[in-house]
Amino acid sequence: MPVILLTDALIFLLIAVAIGFGVYAARHEHLRGPWRSVGRSPVGIAALVVIAFYVAIGLLDSLHFHPRLDAPTPAEPVQQEAAPENGAPDPGPRYSTQVLSVLDLWLTPLRERDEKTFSAPFATHLFVKEAIEQPDGSTVRDYPRLTHGGAHLKNPANRTADIVLRTLLGLVKGLMAWTLILAALTWWLARRRGETFNDCARAIWSGRTQVPWRVGLITLALMTVLGFVAAELAVKYHILGTDKVGEDVFYQSLKSIRTGLVIGTLTTLVMLPAAIILGIMAGYFRGLTDDIIQYLYTTLSSIPGVLLIAAAILMLQVYMTNNAESFESLVERADLRLLFLCLILGITSWTGLCRLLRGESLKLRESDYVQAASALGVRHSTVIARHILPNVLHIVMITVVLDFSGLVLAEAVLSYVNIGVDPTMNSWGNMINSARLELAREPIVWWSLAAAFVFMFTLVLAANLFADVVRDAFDPRLRSLR
Amino acid sequence: MTEDLLLRVENLTTDLVTRVEGGERALRVCDGVGFEIRRGETLALLGESGCGKSMTALSLMRLLPLSGRIVSGSVRLDGTDLLALPEREMRRVRGGRMGMIFQEPQTSLNPVLTVGQQIAEAVKIHEGRAKASTPARVVELLRAVGIPDPARRAGEYPHQLSGGMKQRVMIAMALAGDPQLLIADEPTTALDVTIQAQVLRLLKGLQRETGMAVLLITHDLGVVAETADRLAVMYAGQIVEQANCDDFFAGPAHPYSRKLMESVPTAEKRAGELAVIPGRVPPLDRSFGGCRFAERCFREMEHCATTVPGWFRAGPEHRVRCLLWADGQPSFEPATAQAASPANTQTAGEALVHVDALQVHFPIQRGLFKRTVGHVKAVDGVDLVLRAGQTLALVGESGCGKTTVGKGILQLERPTGGSVRYDGADLARIGAGRMRRYRKDLQIIFQDPFASMNPRMLVGDIVGEGLQALGIERGRGARRRRVAELLDQVGIGEQAMERYPHEFSGGQRQRICIARALAVSPKVIVCDEPTSALDVSVQAQILNLLKQLQRDLGISYLFITHDISVVSYLAHEVAVMYLGRIVERGTTTEVLEDPRHPYTKALLSAVPVIDTEQRRSIIRLDGDMPSPAQPPAGCHFHPRCPEALPECAKAYPEQTRLSDTRTVRCIRVS
Amino acid sequence: MSAYIIRRLLYALPILIGVNLITFVLFFVVNSPDDMARMQLGDKRVTQEAIDTWKAEHGYDLPLLLNEEARGLDKLTETIFFQKSLKLFAFDFGSSDSGRDIGYDISQRMWPSLAIALPVLLVGLSINISYALMIIFFRATYIDWGSVVLLVAMMSISGLFYIIGGQFLIGKLFHLVPISGYDTGFDATKFLILPVLVGVVGGIGSGTRLYRTFFLEEVNRDYVRTARAKGMRERVVLFRHVLKNAMIPILTGVVAVLPLLFMGALITESFFGVPGLGSYTIDAINRQDFSIVRAMVFLGSVLYILGLIMTDVSYTLVDPRVRLS
């Protein structure tokens, strides 16, 4: 039974907006041209491939449902969810109150194979010593074997060989998958360009295509192989270790992707309407309208962002603890908090864009073509829609892309201060937050941090590089500086 | 002869490499340029925008932008090959033996350093003098370029100086190294004509005193005629003609030069159409197998497109790159290939728009509660009458308020006083809603054709905007038909509808702007310097079009301009504006033939003319136009007026009516 | 000048009132003092008496906006709005929920914050400017390209990792300086090195990149060409002309954040155990001490507005073209 969380709904809305915008952009040369040059930049394509992987995982994680209960006995391992339904004599198919996503379903092996506590990446034994009962009845304090990680090995000493073997297997599988994609792409391109398959392949390989397919394909190869190797290994090992309660860190990292993406995108989505409308109005109408809007954004931006977020989140917490009964599940509650965080982040971040748009509209309203339009008796609303808005759209687009990476980073910091997403929600910030307490351990528990670092760094770096390419393409002033 | 030679440029070839999608594109901006300059002479490099004349100058200085590279050639300054010099040595030449001044004095000076500091830099680099004497040298240089009170000015920042002053400072800076050659890249293009006259005169004087040679880069034939000894005409990266000035103006040898001369508007050409050069300059990213001008040439021969023309001799000091001269002197028809249509009859049309005592003041706010402490009196009591089917030219220098008058009439700038009566209504008093009714009768064309169209809209939508907004053609199909008709009318063709403005050249865009204004069938069009951003050959096309539209549709124009030659060609009546007020008004012949106001006289005398016989002695105006926030007491012009009397400072002179059509505001005229 | 500053200060008043209203609504209207008390007392099943005692202790037992029971002016002053919100205007921050005097705490904790933030700003500024100048000097070469990639990569690392990494590498691995803690007077220096270092390194990515664009914008202007045409060396052109112009946006940007330095660096301070305002704020957030959060919001706004005013004034000092109007 599908469940649509609030953020899910907004993500679908976002996708709809993006598609709509894509169609609009494709019809307008001034937008299509810059996007085309983004598509022709090697850095842009490479970053896009990486981002696509993240987005795919994030989307899989946004399709939620209540899993169907097969047996009448509710023996399903209900994880965080408390309250299983009790004695409802419903004859129809019964659903768990648990909310799962398609990604969870896919990662079920990862999700369900918990250890007792910490274990290092690829470990076969637990990270802490425990009293183990020997077959002869005596107890020894030693590192016990893991319940799942490397459990298939009779002799843990064979681990390295096993890992190498599985890596190779993953490599081969990954390359095969990549070759399939490569063949499909080449075939499609060859048909479009009206060349033979071989000519087209040669063109791609020597980098003679306008879109740098070669760079894209190399990045894709890297990501596919990495993905397949990880998948192959993750079945049998905890490739990034486990955390304090024994949860697989790799699983956590993957689940955190959705949180990062939601914060990075929904925040801008919620702030855009206000920023665009108010910014343009302030610049275009000037006078009293301008004064009021300027007052509004100066006031909001004068409150230190972190404190405003802190205050709002604290208030939400108070509200939520006092009205705990109105939330059906922890997932819904965490989701609401996530959405609220996006909202409040949006409130603190719309002022910058609003100010930019105000300045630009001030300039545009004095431009000759707006003057010509008023000489032709065009109404204000039409002038805004036809002359101002299309000419500030590139600023909006640059801002959206530029803000994304900053917001992903901000999530980490906020969660670290406990005013970010719900502690029960997977996020890189929460991973860092819980891991830093273990930093004092000897030897150090480093894998949670490392995992969060790698996953976050890859996404943010790709986003930053992509943003650079987009800005260069859309900002003619910067382009001329190159 | 050879010891006379200062600079010899041979076969100079420069590329500008631009990064485009999927690779690089090289523009050959100078292609085999060669010329010589003798000591103490002025060589003018003449050409329209984009012909490579500035790039030639920058190549000489080795100051090309990062994307530019010199491919081949040699530049010998007094025997030294500049292109072979190491950068260290070249630095000593720059600003030393060779100085340069640029087109935009506004941006060419560093805004955060004082004028004195910037000149001192140049002094220190090239004179290596003891630091103690540097300030004295700075003051000396400032005095040499005619800046009053140089010691005080040296401590000021560039923004405190007027445009003319800044250009003088630039010249002072270039003089610091006692250059043998001064390269002046369009030194007066950004300046008003009276200031232009000052600067050109200064350059001439300095040249006489120091004996330096000048390479003057310009697009203005008048400036060439008045200042240069010899000239070289550039077209599409090549020099196509070289001659001394007298020979050239007596009879240009290249068809391009001929057309250029013929397209300059003058009073004599009033009766007919101006010569135009069809098409546009070919893109420079390809190699040419023949003459670059062939496809636009009115004398194109069969082999022009396939044979690269070499140099041919057209006179003792006259060389031309044109195959017509291969077999000796060709004959050109006399310059009256224009259809002589009946002269514009001077029948005064009925008055359409009455502007009375129009005032547009902008408040200056200051202090704790934004008190209004004064007004910029951009327009301060202007009376005008626009007559049906006629052109009234509003002439004045930048900052005199002429553009504001145009916007005030159209209510794009709300007047603070006076009235604009049209069709029984006072436009200055009615609200925005009622004004919409009159919008279709009053239209405007702007100066900059690149800025006056929304780059995000299709040409069809741009032209149809008024039809839609004023509800003239509500149906989409009808609107498109009308737009197609309009585009045909202005000579663009209806296939332009589905294209964006950036695909068109400056002249074409201005035509589209005209079509947009025409769309609502206006009775009056305010033309705000519609041709001053265009090259002279393109300007001719636009002027022809405007004239033809007036003939066909009976539109009246308020033609705002600073260019007297355009006025003499196009206008029926002239009003001369100075500091927010009209100082003289009359028919074109009256005002241009017999100016009465001292300002008009000075203005007219400052205009550089080609024809040496028409040249009058320039009446020098000192200083600059005062700020419209604090106009001088009495006659606004009296502090600069060569004929001022003590009474002039007492009150603004009353209007003196000399004839039915003519009024002057000067107490000396009565 | 002084008239201008006075006017700007007067303009600041409505903004501060707005800030106050927002915080008031957030803290007292969205959730009632009862909710807050329940939160603080922790238990869900606290008695109404306990709540009332807590409210009385902390001065939350007054009506929100209008005290019907009081007389005269007290009708307005004996309210939460006046006591908790309006008094902030007199910089009377009251006492925290744990009973300490907030004003005193702030005055004590401001200096450690400054001791970190100021060196970070100054050292960071000089490093960023020098690096950006170097990139510009080698513009359109591989040094330029490589540096930009490096900067983007540095920008893409979360500040948390700089802190954790710095602490781990320098403190734990090399044992160069203590990991965390603070001391008074000069002894504090050894505790400051690490946070300052981390702050500087963490800021290089975005800072240098921003300055690089400032420089790039200037280096293509006409006056630079004029300077070269005088025969100046490229190095001198960069230092004398480009740097001087680019310093205008850089300096005014710095002036804008100058007052906010007092607020301290949130994460750095709490990580390194520096008793500054940053860690004060974080502790307050974690302890859910609303009085402190409210005080810090107000203080932050005041400093922000001060920064705005100082920016405008500084423009007139560094840019000869700008005069106050």
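The values are calculated or read from the model by the stated rules, or taken from the named source; none is laboratory data. The structure displayed is predicted, hence computed values, not measured ones. Heads up, the Cβs are rebuilt from the backbone with ideal geometry, glycines too, and the neighbour counts pull from every protein chain shown.
Would you confirm, using the coordinates I've provided, whether B:D448 is facing another protein chain (nearest Cβ under 8 Å), farther than 17 Å from A:V378 by Cβ and not aliphatic (A, V, I, L, M)? In short, yes.
Residues in segment A:403-431 that are more than 23 Å from A:Y251 (Cβ to Cβ), buried (at least 20 other Cβ atoms within 10 Å of the Cβ) and of a type outside the set (S, T, Y): how many? Residues meeting the conditions: 6. The set of residues in segment A:309-327 that are within 7 Å of chain C (Cβ to nearest Cβ) and out of contact with any Lys or Arg (no Cβ under 7 Å at 6 or more places or on another chain) comprises A:A310, A:A311, A:A312, A:L314, A:M315, A:V318, A:Y319, A:T321. Restricting attention to segment C:215-254 and to residues that are among the charged types (D, E, K, R) and at the interface with chain B (Cβ under 7 Å from one of its Cβ atoms), the residue that is surrounded by the most Cβ atoms within 10 Å (Cβ to Cβ) turns out to be C:K230. Consider C:L16 against the criteria (1) closer than 25 Å to A:T299 by Cβ; (2) in a loop (DSSP other than H, G, I, E, B): it satisfies all of them except one. Which criterion is unmet? Failing condition for C:L16: (2). Return yes or no: is A:V318 in contact with a helix residue (DSSP H, G or I) (Cβ under 9 Å, 6 or more places away or on another chain), surrounded by fewer than 22 Cβ atoms within 10 Å (Cβ to Cβ), more than 23 Å from A:L100 (Cβ to Cβ) and among the β-branched types (V, I, T)? In short, yes. Among the criteria (1) surrounded by fewer than 21 Cβ atoms within 10 Å (Cβ to Cβ); (2) more than 13 Å from every other protein chain (Cβ to nearest Cβ); (3) farther than 26 Å from B:D461 by Cβ; (4) of a type in the set (A, V, I, L, M), the one A:M397 does not fulfil is (3). Within segment C:281-295, can one find any residue that is more than 11 Å from every other protein chain (Cβ to nearest Cβ), part of a helix (DSSP H, G or I) and among the aromatic types (F, W, Y)? So far as segment C:281-295 goes, no, none of its residues is more than 11 Å from every other protein chain (Cβ to nearest Cβ), part of a helix (DSSP H, G or I) and among the aromatic types (F, W, Y). Quick check on B:R434: is it basic (K, R), more than 10 Å from every other protein chain (Cβ to nearest Cβ) and over 24 Å from B:V576 (Cβ atoms)? Here the answer is yes, as B:R434 does meet what is asked. Residues that are buried (at least 19 other Cβ atoms within 10 Å of the Cβ) and without any contact (Cβ under 8 Å) to a residue 40 or more places away in the chain were ranked within segment B:408-430; the one that is farthest from B:F446 (Cα to Cα) is B:L427.
Could you check segment A:377-388 and list, in sequence order, the residues that are assigned to a helix (DSSP H, G or I) and either basic (K, R) or buried (at least 19 other Cβ atoms within 10 Å of the Cβ) (or both)? Within segment A:377-388, A:V383, A:I384, A:R386, A:H387, A:I388 meet the criteria.
Taken over segment B:368-395, residues that are of a type outside the set (D, E, K, R) and in contact with a Ser or Thr (Cβ under 9 Å, 6 or more places away or on another chain) amount to 13.
If you go through segment A:432-445 one residue at a time, do you hit one that is buried (at least 24 other Cβ atoms within 10 Å of the Cβ) and not acidic (D, E)? No - not one qualifying residue is present in segment A:432-445. In segment C:131-156, the residues that are within 20 Å of C:V219 (Cα to Cα) form Cβ pairs under 8 Å with partners that are surrounded by fewer than 20 Cβ atoms within 10 Å (Cβ to Cβ) and of a type in the set (F, W, Y), at six or more places apart or across chains, as follows: C:L133/C:F239; C:D144/C:F138; C:S147/C:Y131. Which condition does A:L357 not pass, out of (1) of a type outside the set (D, E); (2) surrounded by 17 or more Cβ atoms within 10 Å (Cβ to Cβ); (3) within 14 Å of chain B (Cβ to nearest Cβ), if it passes all the others? Among (1) of a type outside the set (D, E); (2) surrounded by 17 or more Cβ atoms within 10 Å (Cβ to Cβ); (3) within 14 Å of chain B (Cβ to nearest Cβ), the lone unmet condition for A:L357 is (3). Evaluated against (1) modelled with pLDDT under 90; (2) farther than 30 Å from A:V38 by Cα, A:F197 falls short on exactly one condition, (2).
Go through segment C:155-190 and count every residue that is more than 12 Å from chain A (Cβ to nearest Cβ), assigned to a loop (DSSP other than H, G, I, E, B) and not charged (D, E, K, R). Residues meeting the conditions: 8. The number of residues in segment C:28-47 that are part of a helix (DSSP H, G or I) and within 7 Å of another protein chain (Cβ to nearest Cβ) comes to 4.
Taking the numbered list (1) in a helix (DSSP H, G or I); (2) farther than 26 Å from B:I70 by Cβ; (3) in contact (Cβ under 8 Å) with a residue 24 or more places away in the chain in turn, B:A253 passes all entries but (1).
Within segment A:275-306, work out how many residues are among the small types (G, A, S) and within 16 Å of A:L343 (Cα to Cα). So the answer is 3. Taking segment A:421-452 as the range and being touching a helix residue (DSSP H, G or I) at 6+ places or on another chain (Cβ under 8 Å), among the hydrophobic types (A, V, I, L, M, F, W, C) and touching a residue at least 12 places away in the same chain (Cβ under 8 Å) as the test, the residues that pass are A:V421, A:M425, A:W428, A:M431, A:I432, A:A435, A:V445, A:W447, A:L449, A:A451, A:A452. Of all the listed residues (A:S361, A:S367), the sole one being closer than 30 Å to B:F446 by Cβ, touching a residue at least 60 places away in the same chain (Cβ under 8 Å) and among the hydroxyl-bearing types (S, T, Y) is A:S361. Can you tell me which residue within segment B:130-174, out of those that are surrounded by 20 or more Cβ atoms within 10 Å (Cβ to Cβ), of a type in the set (K, R) and more than 12 Å from chain C (Cβ to nearest Cβ), is farthest from B:S398 (Cα to Cα)? Among those residues, the one meeting the criterion is B:R153. Checked against the criteria, B:S108 counts as among the polar types (S, T, N, Q) and at pLDDT 90 or above.
Conditions (1) assigned by TED's automatic domain parsing to the domain that holds A:H394; (2) touching a residue at least 40 places away in the same chain (Cβ under 8 Å); (3) aromatic (F, W, Y), marked per residue:
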site	(1), (2), (3)
A:T209	no, no, no
A:L220	no, yes, no
A:T265	yes, yes, no
A:P273	yes, no, no
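Listed by first and then second residue, the pairs linking a residue in segment B:434-455 that is free of Cβ contacts under 8 Å to residues at least 12 places away in the same chain to a residue that is of a type outside the set (S, T, N, Q) and surrounded by 19 or more Cβ atoms within 10 Å (Cβ to Cβ), with Cβ atoms under 7 Å apart and 6 or more places separating them unless they lie on different chains, are B:A451/A:D368.
If you go through segment A:430-453 and keep only what is within 11 Å of chain C (Cβ to nearest Cβ) and more than 25 Å from the chain's Cα centre (by Cα), you end up with A:L439, A:A440, A:E442, A:I444. The condition of being crowded, with 22+ Cβ neighbours inside 10 Å and of a type in the set (A, V, I, L, M, F, W, C) holds for B:A232. Take the residues in segment B:82-112 that are outside any helix (DSSP H, G or I) and either on the phi > 0 side of the Ramachandran plot or more than 7 Å from chain C (Cβ to nearest Cβ) (or both); name whichever of them is nearest to the chain's Cα centre (by Cα). It comes out as B:Q103.
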